[in-house]
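Asker: Just dropping this structure here.
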Amino acid sequence: MEKLPESDINDKYLRARKRVDDLKNFYYHLVAYCLVIPFLIFINYKTYWGFQWFWFPVAGWALGLGFHAFSVFVDKGILGRRWEGKKIQEFMDEEEEKMRWG
């Protein structure tokens, strides 16, 4: 079995760590949504049910949660993780080329 260089192991660890942090932050976001929205509905119900204003934060927050889910769970697509990785590598190669030629 071929042993990976130390830098490859560190890079893989850092990418995996970032992925775990992204997932954890998404789940915190989801839990906060599930706890706060019913509270807002309760406040709206107890104060004045004639105008149901709670729909505005429900819709806005759900939209933000959807974008967050897309960024965490979608690896493919126009601006997915693969594209991001390619761009990072491209910029690193450009920087290395500049340093090589002075």
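Asker: Can we say Ala59 is exposed (fewer than 11 other Cβ atoms within 10 Å of the Cβ), modelled with pLDDT of 95 or more and not basic (Lys, Arg)?
Answerer: Against the criterion (exposed (fewer than 11 other Cβ atoms within 10 Å of the Cβ), modelled with pLDDT of 95 or more and not basic (Lys, Arg)), Ala59 qualifies.
Asker: I'd like to check something: does the stretch 64-81 contain any residue that is out of contact with any Gly (no Cβ under 6 Å at 6 or more places or on another chain), among the aliphatic types (A, V, I, L, M), outside any helix (DSSP H, G or I) and without any contact (Cβ under 8 Å) to a residue 60 or more places away in the chain?
Answerer: Yes, there is a match, as at least one residue in the stretch 64-81 is out of contact with any Gly (no Cβ under 6 Å at 6 or more places or on another chain), among the aliphatic types (A, V, I, L, M), outside any helix (DSSP H, G or I) and without any contact (Cβ under 8 Å) to a residue 60 or more places away in the chain.
The values are calculated or read from the model by the stated rules, or taken from the named source; none is laboratory data. Predicted model only: the values in this text are computed from it and were never measured. Quick reminder, even Gly has a Cβ in these numbers, built from the backbone with ideal geometry, and neighbours come from all protein chains shown.
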